[in-house]
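The structure under discussion appears below in the form of structure tokens.
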């Protein structure tokens, strides 16, 4: 987590790395990731969100929020079911 404050600017950036243990999880992971990105994009505190594939079924996620409250609110919100 990076908290960088300059005047009124405070940005929280989270980066995660996930390696899928079994190929059968790939489809569900990608669907859940797409759903999370859509939900995050619609959120007012979102500054950017992405999922980036790497070799050997490794995925990196990145999300940036305008402040700690925006990150906490998103992380603790109930996911929408679709």
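Things to note:
- Among the residues of the stretch 66-82, just one is in contact with a strand residue (DSSP E or B) (Cβ under 6 Å, 6 or more places away or on another chain) and within 24 Å of residue 19 (Cα to Cα), namely 71.
- Checking 44, 5, 10 one by one, the residue that is modelled with pLDDT under 90 and in a loop (DSSP other than H, G, I, E, B) is 44 and no other.
- Filter pass, residue 24 being assigned to a helix (DSSP H, G or I), surrounded by 13 or more Cβ atoms within 10 Å (Cβ to Cβ), free of Cβ contacts under 8 Å to residues at least 60 places away in the same chain and at negative phi: no
- Test: residue in the stretch 36-47 that is surrounded by fewer than 13 Cβ atoms within 10 Å (Cβ to Cβ), under 16 Å from residue 16 (Cβ atoms) and more than 10 Å from the chain's Cα centre (by Cα): no
- Scanning the stretch 47-75 for residues that are closer than 18 Å to residue 11 by Cα and not in a loop (DSSP other than H, G, I, E, B) yields a total of 17.
The values are calculated or read from the model by the stated rules, or taken from the named source; none is laboratory data. Owing to the predicted nature of the structure, the values given are computational and were not obtained by experimental measurement. FYI the Cβ positions are ideal-geometry reconstructions off the backbone, even for glycines, and counts take in every protein chain you see.
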